[in-house]
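A short worksheet on the structure shown next.
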Amino acid sequence: MIKYKILQHVVRFLTKIYIRPTYEGLENIPKSGPFIFAGNHIHLVDPATIMSVTKRPVHFLGKASLFKFPQSLIFNNMGLIKVERDGKDVSAYTNAVKHLKAGNIIGIYPEGTRERGRGLLPFKKGVVKMSVDSGAVIIPFATIGKYRPFRKGVIVRFGKPYKAKEDLKKSAEELREIVRKLLEK
């Protein structure tokens, strides 16, 4: 995790200088224990804004195509969990739950892809299943605005911790509604 810590400091510095996000609801982020960051996905650099709000490592789930050279040199050292998106990736899910049971943080975009101007997409059930199976709470967040180099323009708003229930479909819909409301505030 030493490599992660070094990369996290670099990412935090570059995020502060280049992206200049505004954060709201930081008091909702637990200081300890396992939890899942889950929110909308508007840009490739979204994970940088999330990594920058905690000193603890965040293990993001990322599509397998991101793990090609040269970016694989960075992603493999940042604790990313590779996801094969053609079907259900049981090993990625198992790995994420193992991290949560060890007290770590997972970062996930439940839409499964970037919005690309389509608005908030339906949430997949994997994130709420992780919460139920691990006992970890979900910290919902919304990324709002446009990334403009060296200028403010992005707001990341964190909601109160959410505990998923056994009805995964209903929980995924509830979580999506929480994120939708965070987008509208």
Q) If you scan segment 70-110, which residues turn out to be in a loop (DSSP other than H, G, I, E, B) and at pLDDT 95 or above? A) A102, G103, N104, Y109, P110
Q.
Among the residues that make up segment 76-93, is at least one of them of a type in the set (V, I, T) and in contact with a Pro (Cβ under 9 Å, 6 or more places away or on another chain)?
A. no
Q. If the Cβ limit is 9 Å and pairs must be 6+ apart or interchain, which residue in segment 115-127 that is of a type in the set (F, W, Y) pairs with which residue that is part of a loop (DSSP other than H, G, I, E, B)?
A. F123/P110; F123/E111; F123/G112
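Restricting attention to segment 1-32, and to residues there that are among the basic types (K, R) and out of contact with any strand residue (DSSP E or B) (no Cβ under 8 Å at 6 or more places or on another chain), which single residue is farthest from K185 (Cα to Cα)?
K3
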Q: State whether the residues of segment 160-175 include one that is surrounded by fewer than 21 Cβ atoms within 10 Å (Cβ to Cβ) and among the polar types (S, T, N, Q).
A: no
Q.
Can you say whether V179 is buried (at least 17 other Cβ atoms within 10 Å of the Cβ), within 20 Å of I106 (Cβ to Cβ), touching a residue at least 60 places away in the same chain (Cβ under 8 Å) and touching a helix residue (DSSP H, G or I) at 6+ places or on another chain (Cβ under 9 Å), as far as the supplied structure shows?
A. no
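Could you tell me which residue of segment 55-105 is surrounded by the fewest Cβ atoms within 10 Å (Cβ to Cβ), considering only residues that are closer than 21 Å to V11 by Cβ and small (G, A, S)?
Start the filter on segment 55-105 by keeping residues that are closer than 21 Å to V11 by Cβ, which leaves 55-63, 65-83, 96, 99, 104-105.
In the following step, the residues that additionally are small (G, A, S) were identified as 62, 65, 72, 79, 96.
On the way: G62: 21, S65: 11, S72: 13, G79: 20, A96: 28.
The selected residue is S65.
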(Q) So, in segment 1-54, exactly how many residues are touching a residue at least 24 places away in the same chain (Cβ under 8 Å), aliphatic (A, V, I, L, M) and not in a loop (DSSP other than H, G, I, E, B)? (A) 11
(Q) I'm trying to understand the selection: among the residues of segment 139-176, which are closer than 20 Å to T49 by Cβ, among the small types (G, A, S) and free of Cβ contacts under 8 Å to residues at least 40 places away in the same chain? (A) G145
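The values are calculated or read from the model by the stated rules, or taken from the named source; none is laboratory data. Everything numeric in this text was worked out from a predicted model, so none of it was measured. In this analysis, Cβ positions are derived from the backbone assuming ideal geometry, glycine residues included, and neighbour counts consider all displayed protein chains.
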